[in-house]
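**Student:** Below you'll find the structure I mean.
The values are calculated or read from the model by the stated rules, or taken from the named source; none is laboratory data. Everything numeric in this text was worked out from a predicted model, so none of it was measured. Here Cβ is always computed from backbone atoms with ideal geometry, including for glycine, and neighbour counts include all displayed protein chains. Heads up: the accessible areas ignore ligands, DNA and RNA and are worked out on the full protein's heavy atoms, side chains in. Shrake-Rupley method; radii C 1.70, N 1.55, O 1.52, S 1.80 Å.
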Amino acid sequence: MPAIANPILVSLALAFAFISTFPATAAGSAQAASAPQRTTHYPAIDPGFSRPDARRMPSRATLRAFLTELKSTRQANTFCFVQRRLDRPETAEPGLSVLSMIWHEGKAIYLVNLVGPGERYERDNALDPATEAQSLASRPGTVDLDTSVVPTDEDVGTSTFLVSRPWVDHMLAQCRRVGTQVRIPAFKPPAPRPGGGS
């Protein structure tokens, strides 16, 4: 029976994994989500990308809570989710599966979760949408498309937070090709609960 990827353990690994995926870090399974260290050929049809497993995607309630957390509820927001299976040399753990979320209006790419080879993802039903949204919104390693993108793979250099324009364009193209689009219309966020909670 394959191992089950516990979402709490996965979420703990995400902070380390996404930060350690960038070029200046040691090799490891976390290199999966990173921008490449050298000039890379980005094929128009990349077989490593696929439509995401819906069980791995945040629910619409979680996305609404995410938008509430980031105070972005007054406009419609569009997300694209894409799943990618990594092999060497991008990872020391061939078969590692990365689920990414591109938030178009927020101009950012988030790492949602990782599933190791031979594992399957199982949502932690004890996590409510607000808790899951807070975790996603505060996750380190998010790629800010306004401030973290440089023109070429070479320009990334030894940076631990920059990605290249070709890498971003490839992610966007693969998400358009095989990703799952989710649109959340503008909405009025829930009133804060007494005692300061949201």
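**Student:** Considering each residue of the stretch 139-157, count those that are without any contact (Cβ under 8 Å) to a residue 40 or more places away in the chain and out of contact with any strand residue (DSSP E or B) (no Cβ under 9 Å at 6 or more places or on another chain), and give that number.
**Tutor:** Looking only at that region, the number is 1.
**Student:** Oh, and also: Is there any pair linking a residue in the stretch 165-191 that is within 15 Å of residue 111 (Cα to Cα) to one that is in a strand (DSSP E or B) and open to solvent by 20 Å² or more (accessible area, probe 1.4 Å), with Cβ under 7 Å and at least six apart or on different chains, and which?
**Tutor:** 168/149
**Student:** Can you tell me which residue in the stretch 154-195 is surrounded by the most Cβ atoms within 10 Å (Cβ to Cβ), limited to those that are part of a loop (DSSP other than H, G, I, E, B) and among the aliphatic types (A, V, I, L, M)?
**Tutor:** Among those that are part of a loop (DSSP other than H, G, I, E, B) and among the aliphatic types (A, V, I, L, M), it is 162.
**Student:** In the stretch 99-110, how many residues are under 10 Å from residue 83 (Cα atoms), buried (at least 23 other Cβ atoms within 10 Å of the Cβ) and in contact with a helix residue (DSSP H, G or I) (Cβ under 6 Å, 6 or more places away or on another chain)?
**Tutor:** Number satisfying all stated conditions: 0.
**Student:** Contact list please: Cβ distance under 6 Å, first residue in the stretch 44-69 and open to solvent by less than 20 Å² (accessible area, probe 1.4 Å), second residue in a loop (DSSP other than H, G, I, E, B), pairs at least six apart or on different chains.
**Tutor:** Matching pairs, first to second residue: 67/73.
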